[in-house]
1. Hey, how many Å between the Cα centroid of the range 44-64 and the Cα centroid of the range 1-39?
2. Tell me which of L37, W61, A51 sits at the most positive position along the dipole axis of the range 2-63, charges placed on C-beta atoms (Lys, Arg +1; Asp, Glu -1).
3. Measuring with a 1.4 Å probe in the full set of protein chains, what accessible area per residue, in whole Å², belongs to the chain?
4. At a 1.4 Å probe, what is the % contribution of carbon and sulfur to the accessible area of the chain?
5. For the chain, with only Lys/Arg (+1) and Asp/Glu (-1) charged at the beta-carbon, what is the dipole magnitude about the Cα centre, in debye rounded to 20?
6. Is the range 32-81 best put as rounded, prolate or oblate by its Cα gyration tensor, with a ≥ b ≥ c the root eigenvalues, rounded for a/c under 1.5, and otherwise prolate when a/b is larger than b/c, oblate when not?
Amino acid sequence: MRRGEREAAVRAVMERAVAPVPPGLCADAVLRGDRLLRRRRLARRALWLLACAAVLAFTVWAAEARPWAESSSRTSPPVTGR
């Protein structure tokens, strides 16, 4: 296509009548947007709650199990002086 043909095609597209918008489209879009925001907010809160529960469970486990302390040897008897 040459430049003149492209310009004519663009003018023809722009001069067409605008398609009518359904009357309830804006209200439907607002309702859908609100629904999506509520779902995202709920999902975010659920994930935060899950993360806090995981941190709490890890803290309780670590306080009980004390994984940083040396465990006693259970494979051989303790060494005693002769």
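1. The two parts, judged by their Cα centres, are 47 Å apart.
2. Of the candidates, W61 comes out farthest on the positive side.
3. Numbers: 8560 Å² over 82 residues.
Averaged over the residues of the chain, the accessible area is 104 Å².
4. Details: 5330 of 8560 Å².
Solvent-exposed carbon and sulfur of the chain make up 62 percent of the total.
5. On the way: 16 positive and 7 negative charges, 16 e Å.
Rounded to the nearest 20 debye, it is 80 debye.
6. Numbers: a/c = 10.00, a/b = 6.51, b/c = 1.54.
Prolate, since a/c reaches 1.5 and a/b exceeds b/c.
The values are calculated or read from the model by the stated rules, or taken from the named source; none is laboratory data. None of these values were measured; they are calculated from a predicted model. Note: ideal-geometry Cβ built from the backbone for every residue, glycine included; neighbour counts use all protein chains shown. The area values use the complete protein model at the heavy-atom level, side chains included, leaving out ligands, DNA and RNA. Shrake-Rupley method; radii C 1.70, N 1.55, O 1.52, S 1.80 Å.
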